[in-house]
1. Considering the range 34-98, what Rg and Dmax in Å follow from its alpha-carbon atoms?
2. Can you bin every Cα-Cα distance in the range 64-123 into 5 Å intervals starting at zero and give me the percent of pairs per bin, rounded to whole numbers?
3. Keeping all protein chains in the complex and leaving out DNA, RNA and ligands, what accessible area do you get for Leu83 with a 1.4 Å probe, in Å² to the nearest 10?
4. Under 14 Å from the 7 Å Cα→Cβ point of Ser77, by amide nitrogen: which residues of the range 98-113?
5. For the range 59-170, which whole-number percentage of the solvent-accessible area (1.4 Å probe, protein heavy atoms only) is attributable to carbon and sulfur atoms?
6. Got a number for the accessible area of Lys161? Probe 1.4 Å, square angstrom, nearest 10.
Amino acid sequence: STASGVSITGFGGNTYGNYNQGVRVKAAGSVDSASKVTIVGTNNVATNMPTLMGTQIQGTVQAVGDINLEGYSTSLSSPNSGLVIQNTVTSTGGNITAKASAANSTKVALSISGAGALIASGSNKNINMVADTMDLSTATAINAGTGTVNITTKDASKAIKIGVEDGSPTVSSQL
């Protein structure tokens, strides 16, 4: 990596097909930086497939500085998640921000599952999660150490509701 860090941006197209994520860090892969990491992915595929999302993190992401992860599913007819984190994301000296949106509210915008974890191990560093819907129920860890974990809705008019009132993790504005 360089002083400016690692930046990855991708668009998942608008046609049917497997693995049309905007950005996918495969399970066997990783993103490592001696400074910062920014990953932004967008998917506009109007098909319901479990492999279609804005950004999918299956491999590890590590940085000494800030980590910014963004995932967007922009098709109103597509029930696909924005950002799916399935492995460990670690910053040893910076903040972590995970921002996501899903235009169709039948899937959660931000999902942290499986081996998914956000770890900011630097002194007083924060984890910021911004999305109108989140599923953190199977996350391995969300740990800011001596810092703060901030949960914010993307749309300021949405309420934050912890737990699921109707048994469905896909209800708009619920975590």
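The values are calculated or read from the model by the stated rules, or taken from the named source; none is laboratory data. All figures in this text were calculated on a predicted structure; none of them were measured in a lab. A quick note on method: Cβ atoms are made from the backbone with ideal geometry, for glycine too, and the neighbour counts reach across all protein chains shown. Accessible surface areas use protein heavy atoms only, side chains included; no ligands, DNA or RNA. Shrake-Rupley method; radii C 1.70, N 1.55, O 1.52, S 1.80 Å.
1. When restricted to the Cα atoms of the range 34-98, Rg and Dmax are 13.0, 40 Å.
2. Bins of 5 Å from zero give 5, 20, 23, 20, 15, 9, 5, 2, 0 percent of pairs.
3. Counting only protein heavy atoms, Leu83 exposes about 0 Å² to solvent.
4. Answer for this model: 104.
5. Of all accessible area on the range 59-170, carbon and sulfur atoms account for 49 percent.
6. That residue has around 80 Å² of solvent-accessible surface.
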